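Below is one structure, written out as structure tokens, with a few remarks after it.
The values are calculated or read from the model by the stated rules, or taken from the named source; none is laboratory data. The structure displayed is predicted, hence computed values, not measured ones. In this analysis, Cβ positions are derived from the backbone assuming ideal geometry, glycine residues included, and neighbour counts consider all displayed protein chains. Just so you know, the surface numbers come from the protein's heavy atoms only, side chains and all, with ligands and any DNA or RNA stripped out. Shrake-Rupley method; radii C 1.70, N 1.55, O 1.52, S 1.80 Å.
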Amino acid sequence: MGFSVDLRMLVQVVNAVSSVSGETFSRKIKLFRSFGFSEDECMDMFRRVLGLLTISEDKLKFKIDFFLNDFKLNRCALVSWPTCLTYNIEKRIIPRYRVLRVIISKGLLQKEPSFRHVLILSEEKFLGKFISRFPDDAEEFWEIYKGDLLDS
């Protein structure tokens, strides 16, 4: 996979790679390729984030589809930041995306934050910056965040 034997994390690399069969690895490469990623891009993402090897194919497919088709993130952005594929889609990615979309649609932010920034915030910081910050709308944003207003 292109890892150096001098790598400090070599034990983790060997552990992660050995936990995935060749067949499973091939299917994951095929999955990424089906979304237009090159084999080099796939290998780069796996080298950057070993955890991608352990995520189920169904979850990976759902996350890649969400980022590329719903969120309209370009492939290069996913290649440069594959860590986003390790975040929990139901509890972190989609709720934050929904809240951010509503805040932007209401024109409450002077400058649109990068979604990367929004995702890496701790839950406490996210709630403070994007829900508590808008007291008039906080209840609505909280309901959207918790999934009570699924059609929002």
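Just one of (1) open to solvent by less than 30 Å² (accessible area, probe 1.4 Å); (2) over 15 Å from residue 86 (Cα atoms); (3) at pLDDT 95 or above trips up residue 13, so point out which.
So residue 13 meets the others, but not (3).
Condition test on residue 96, is it among the basic types (Lys, Arg) and loosely packed, with under 15 Cβ neighbours inside 10 Å? Explain how you work it out, then say what you get.
Details: among the basic types (Lys, Arg): yes; loosely packed, with under 15 Cβ neighbours inside 10 Å: no.
No, not satisfied.
So is residue 124 surrounded by fewer than 14 Cβ atoms within 10 Å (Cβ to Cβ) and touching a residue at least 24 places away in the same chain (Cβ under 8 Å) or not?
On the way: surrounded by fewer than 14 Cβ atoms within 10 Å (Cβ to Cβ): yes; touching a residue at least 24 places away in the same chain (Cβ under 8 Å): no.
No: the conditions fail for residue 124.
Residue 2 passes all but one of (1) assigned to a helix (DSSP H, G or I); (2) at pLDDT below 95; which number fails?
Among (1) assigned to a helix (DSSP H, G or I); (2) at pLDDT below 95, the lone unmet condition for residue 2 is (1).
Within segment 107-120, is there a residue that is in contact with a helix residue (DSSP H, G or I) (Cβ under 8 Å, 6 or more places away or on another chain) and at pLDDT 95 or above? It would help to see each step written out before you state the result.
Going residue by residue through segment 107-120, those that are in contact with a helix residue (DSSP H, G or I) (Cβ under 8 Å, 6 or more places away or on another chain) are 109, 112-113, 115-116, 118-119.
Checking which are at pLDDT 95 or above leaves us with none.
Checked against the condition, which is being in contact with a helix residue (DSSP H, G or I) (Cβ under 8 Å, 6 or more places away or on another chain) and at pLDDT 95 or above, segment 107-120 yields no hits at all.
List the number of the failed condition for residue 106; all other conditions in (1) surrounded by 14 or more Cβ atoms within 10 Å (Cβ to Cβ); (2) touching a residue at least 24 places away in the same chain (Cβ under 8 Å); (3) more than 16 Å from residue 64 (Cα to Cα) hold.
For residue 106, the failing item is (1).
Within segment 31-48, take every residue that is farther than 16 Å from residue 76 by Cβ and of a type outside the set (Ser, Thr, Tyr) and give me the one that is least open to solvent (accessible area, probe 1.4 Å). Steps first, please.
Quick first cut of segment 31-48, residues farther than 16 Å from residue 76 by Cβ only: 31, 34, 46-47.
Then drop every residue that is not of a type outside the set (Ser, Thr, Tyr), which leaves 31, 46-47.
Details: 31: 22, 46: 0, 47: 86 Å².
So the residue we want is 46.
Any idea how many residues of segment 75-110 are under 18 Å from residue 49 (Cβ atoms) and assigned to a loop (DSSP other than H, G, I, E, B)? If you could, list the steps in order and put the result at the bottom.
Filtering segment 75-110 down to residues under 18 Å from residue 49 (Cβ atoms) leaves 75-89, 92-93.
Add one more test, that the residue is assigned to a loop (DSSP other than H, G, I, E, B), and what stays is 81, 87-88.
Of the residues in that region, 3 qualify.
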